[in-house]
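Okay, structure first, notes after.
We did not get these values from a lab; they are worked out from the coordinates using the rules stated. Fair warning: this is a prediction, and the values are worked out from it, not measured in the lab. For neighbour counting, all protein chains shown are included, and Cβ atoms are generated from backbone atoms with ideal geometry for every residue, glycine included.
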Amino acid sequence: MDGGEVAPAPDEMEGLLEFLYLCPHGLVEFDAAGVVGKLNPACLQLLMPLSGGAGAVANLYDALAPYEPDLRHRIEAEAGPRGLVLDGLRIHVGAKPARRRPRLPQPGPAAEEDPLVLSLTVLRLAPNRLMGVMSDISRQVAQDRRLREAEAWFAAVVSGAQDYAFFPLDANGRITDWNASGEKLFSLSEAEALGRAGSTLMPTEAGLPPLATRLDLARREGWHLAEGWIPRGRGGRFWGTSVVSVMQTGEDEPEAFLVVVRDATESRGSAEALRKALCTDQLTGAMNRRHFFEMARDAFAVTKLRHEPVSAIMVDADHFKSVNDTYGHRAGDAVLTGIAAALQGGVRTGRDLVARLGGEEFCVLLPGLNREAAAEVAERLRAAIAEACFDVPGKDGTPVRLAVTASFGVAERCAAMRDADALLHDADAALYAAKAAGRNRVGLAPVPAVTAA
Amino acid sequence: MSAAHTIAASGGAAFTQPALLDRLEAMTSSELDALDFGAIAIDGEGMVRHYNACEARLAGLSPSRVLGHHLFEEVAPCMNNFMVSHRFEDEEAFDDTIPYVLTLRMRPTPVRLRLMKRAGLARAWVCIERRVA
């Protein structure tokens, strides 16, 4: 009875098999239709919770479709019979699947954990044979985000913020205690401060959420940072950061918040110069990447709380490299500045955010606008840029008049998106489609299918 | 489950039979090796104490490579999750059969797992049956 015989593979083969079983990165081999041929346990571990059950890992594209619907297309679009097809594509899954078996249905929102982000690298071995490497990079992504947030602190601290104040608020945002730090920074006595609305000592920049919303955000995320002009108690203002965090209180104690305010003006000559250095892109005057992600995170959370839509437009200058190559970098810089000006001139001042994210890539965030309204804005911006003439310095210094176009990608937040990154990712995919369709046009992200999941 | 799975046909125990845990505990090593499904015994620390011939054949790993190693950390990380390993850590007693997919020799293979544990026993069991499509 051969069923009972152990037929061990030669020792080396067995060692290789074990090596693959224990490899901590997911490895998968699949064909052009996504059908999985081989995969190792780490890959199965990553895929199984996503595809809602043990049976659904037969096809890689299907398993990832809810999170990366464009995967098949992206892989197919990468021409060539062999070679690297995707390099570290970030797949934002969102809430982490349960690590522990829930014994009872969990009421309320899921505990905040780092949203699950997978990295996928795909190599085409032959036209119908692909190899994928997959890993869980949630921690790195979350750390990156926290670093970006911490950067706001470091910028303020390292540049020598001279003064800070801290005071507690009750659940209604009223000041419940006052100390010397507050007296000094806000020129308010204890009698004047106690019971006062904390909102009167908060940044009041356009686009920043009101205190009640900030308290809600702090309840959800532990803390909330805002940066802007902060009024002094008796007139005047200073540029600084204000962090509202939830205070740990006992079960019988009322809810409380701690506000830490830093005055960032003292060490620099001009508060406006500091604001610019911290928040804007030097070349174009648009918002810089760091500040944009902070503000976008806020806008994303605020619109969600208010059940308002929010949309993003990704913008990328067409054939920008050839401008640089033909006319030089000064010409390229002038084009970027012109595009930034056109974008800023075409959106709502004080409400929409215009940022330069990198190279020739810009992003506009439109709180309150749905996909259709955002598409109209994008079309207007596209026409404005296409119709404008850019007078740029040529290589020998003589002015050159250039016609420039840009491509646009529009997406609206849907329920499945956990954070602003997901929204930008969709807008980016739409931009990519607009580029592929011939440039100088607006691409729309597909309306996500409503599923019963 | 199939009526074809009789105790006689599998030489001593059937994957779906009642009280399989008692049956496995009473079997000798060679009787366990004669089973037509995989059977792995682990101790309270998760270390593999028995690894039968059918399982060795399915996974392509010989018992000598596996015995004394941690099942969920060192041998079968694809069961290291809330559906399997966490139950052995968290719960005192169960006998449940669940559909599952293993990567036996890197092939996605649908199986059924029967997970068995009882307070007072030194060993708990994971049984693996290839699912018939």
Practice prompt. Go ahead and collect, in residue order, the members of the range A:300-319 whose backbone nitrogen is under 16 Å from a label point 7 Å along the Cα-Cβ direction of A:E372.
Written response: A:309-311
Worksheet item: Is there a simple number for the mean count of other chain Cβ atoms within 10 Å of the Cβ of residues in B:45-55, and what is it?
Response: 1
Fill in: Full-stretch length increase - A:S322, A:R418 - with 0.36 nm per residue and alpha-carbon distance subtracted
30.8 nm
Worksheet entry | Pair B:R131, A:A197: separation of 7 Å Cα→Cβ label points (nm) | 6.0
Worksheet, complete the sentence: Here the FRET efficiency for A:A256 versus A:T204, based on Cβ atoms and R0 = 25 Å and rounded to 0.05, is 0.60
Worksheet item: From the square roots a ≥ b ≥ c of the eigenvalues of the alpha-carbon gyration tensor of the range A:314-453, which class results: rounded (a/c under 1.5), prolate (a/b over b/c), or oblate?
Response: prolate
Worksheet item: If you count, for each residue, the other Cβ atoms within 10 Å and average over each peptide, how do A:386-396, A:336-346 line up from highest to lowest?
Response: A:336-346, A:386-396
Worksheet, complete the sentence: Straight-line reach check, A:K435, cutoff 17 Å on alpha carbons, 8 or more apart in-chain or any other chain, hits among aspartates and glutamates -> A:D70, A:E76, A:E78, A:D316, A:D318, A:E360, A:E361, A:E379, A:D426
Worksheet item: Which length gain, in nm to one decimal place, applies between A:M131 and A:E308 when the Cα-Cα distance is subtracted from 0.36 nm times their residue separation?
Response: 59.5 nm
Discussion item. Placing unit charges on C-beta atoms (Lys and Arg positive, Asp and Glu negative, everything else neutral), compute the dipole magnitude of chain B about its Cα centre in debye, rounded to 20.
Written reply: 540
Worksheet item: Can you sort B:V75, A:V377 so the residue with the fewest Cβ neighbours within 10 Å comes first?
Response: A:V377, B:V75
Discussion item. Please rank B:F72, A:F167, fewest neighbouring Cβ atoms within 10 Å first, as an exposure proxy.
Written reply: B:F72, A:F167
Worksheet entry | Full-extension gain in nm, A:T398 to A:R90, via 0.36 nm per residue minus C-alpha separation | 106.5 nm
Worksheet, complete the sentence: Expected integer from the mean partner chain Cβ neighbour count at 10 Å over B:97-108 is 6
Discussion item. Averaged across A:18-28, how many Cβ atoms of other chains sit within 10 Å of each residue's Cβ atom?
Written reply: 3
Worksheet item: Hey, fewest Cβ within 10 Å first, where do A:D136, A:D426, A:D163 land in order?
Response: A:D163, A:D136, A:D426
Discussion item. Between the range B:44-118 and the range A:354-433, how far is it from one alpha carbon centroid to the other, in angstrom?
Written reply: 52
Item to complete: Treating cross-link reach as a plain straight distance, find the aspartates and glutamates whose alpha-carbon is under 16 Å from the alpha-carbon of B:K117, omitting any fewer than eight places away in the same chain.
Response: B:D22, B:E25, B:D43, B:E45, B:E89, B:D90, B:E91, B:E92, B:D95, B:D96
